[in-house]
Amino acid sequence: MTGARQVGLELSGVGHRYRDATILHGLDLTIEPGEFVTVLGPSGVGKSTLLRLLAGLEQPGTGRVRSIGDRTALCRMMFQEDRLLPWKSVLDNVRLGVRGRRDRAVELLDAVGLAGRERDRPLELSGGQRQRVALARALLHQPDVLLLDEPFGALDAITRVTMQQLLERLLAEAPRTVVLVTHDVEEALILSDRVLLLTGDGITRDLRIDGPRPRSRGDAGLAARKAELLDGLLAADRAVHT
């Protein structure tokens, strides 16, 4: 697999509203090229909205989003739902909306552990296998920035860990900039270079996670960071719901 060119993203004074509700206000954030950033936070503070703004699916009400690097970032999103078309084959789902690139799609299916399943329909696959197809589809265009909106949230614990390990392996082979939204603090600490805590007051924590990969889930340093983030999440959740 070939890697994407390293492109980052920058938000300057970004604000966004839906009707009468302010979702984001005056947000400043720099995501360096090749960095893996995870966003945590209680429901309703704008995590998924942030991903849509980064992807260019919506435009901010105030401020701007720009690329860092020598070109405009090509972004692709992966969602919690696999969003596969049940009447199409696995291969055609990976190539959805794309002409050609059959060999590349087959290569990606092999990379995600689904070699030989190209002609299957989504209903013949498990939930974890369908998410592997969705990941292959997101990577087909070799995006500079991969945006992940709780992509493993609906999976059982074992499949979730397997998908985390798969993602880690693919990124080691073809590094790129990644922004992940999740509610799983351990997932954030295992995968990320930085973990951001987004609350109604903006980004209230920005933690850099150092150390070699793969990381041990029993690491004492990660356990301390996990306690810190959980305390921050609980406080933010109380503020949102009081």
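The values are calculated or read from the model by the stated rules, or taken from the named source; none is laboratory data. Owing to the predicted nature of the structure, the values given are computational and were not obtained by experimental measurement. Every residue, glycine as well, gets a Cβ built from its backbone with ideal geometry; the counts of neighbours run over all protein chains shown. Ligands, DNA and RNA are excluded from the accessible area calculation, which covers all protein heavy atoms including side chains. Shrake-Rupley method; radii C 1.70, N 1.55, O 1.52, S 1.80 Å.
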With a 1.4 angstrom probe the carbon and sulfur portion of accessible area for the chain, in percent, totals 48
How large is the accessible surface of residue 234 in square angstrom, using a 1.4 angstrom probe and rounding to the nearest 10? 100
Could you give each residue of the range 68-85 its phi-based ³J(HN,Hα) in whole Hz, using Karplus coefficients 6.51, -1.76, 1.60 with θ = phi - 60°, and x for Gly or Pro? 10, x, 9, 6, 6, 5, 8, 10, 9, 10, 10, 10, 5, 8, 5, 6, 8, 8
Restricting to bridges with both residues inside the chain, how much of the DSSP beta-bridge set is antiparallel, in percent to the nearest 5? 55
With a Cα-only, solvent-free Debye model of the range 177-221, what are the log10 I(q)/I(0) values at q = 0.17, 0.29 Å⁻¹? -0.51, -1.23
At 15 Å minimum axial length over the Cα atoms and a Kyte-Doolittle cut of -1.0, report the qualifying DSSP H helices in the chain, or say none. 127-139, 157-173, 220-240
Based on the alpha-carbon gyration tensor of the range 95-162 and its eigenvalue square roots a ≥ b ≥ c, which shape applies: rounded if a/c is under 1.5, prolate if not and a/b is larger than b/c, or oblate? oblate
In terms of solvent-accessible area of protein heavy atoms at a 1.4 angstrom probe, what is the ranking of 160, 83, highest value first? 83, 160
Rg and Dmax [Cα atoms of the chain; Å; Rg one decimal, Dmax integer]: 18.0, 54
Is there a quick way to get the dipole size of the range 197-242? I mean about its Cα centre, with the Cβ of Lys and Arg at +1 and of Asp and Glu at -1; what is the value in debye to the nearest 20? 240
Rounded accessible area per residue of the chain, 1.4 Å, Å²: 48
Mind jotting down the distance between the C-alpha centroids of the range 157-226 and the range 47-79, whole Å? 20
Go through 79, 36 and list them by solvent-accessible area, largest first, probe radius 1.4 Å. 79, 36
Charge dipole (debye, nearest 20) of the chain; +1 at Cβ of Lys and Arg, -1 at Cβ of Asp and Glu: 740
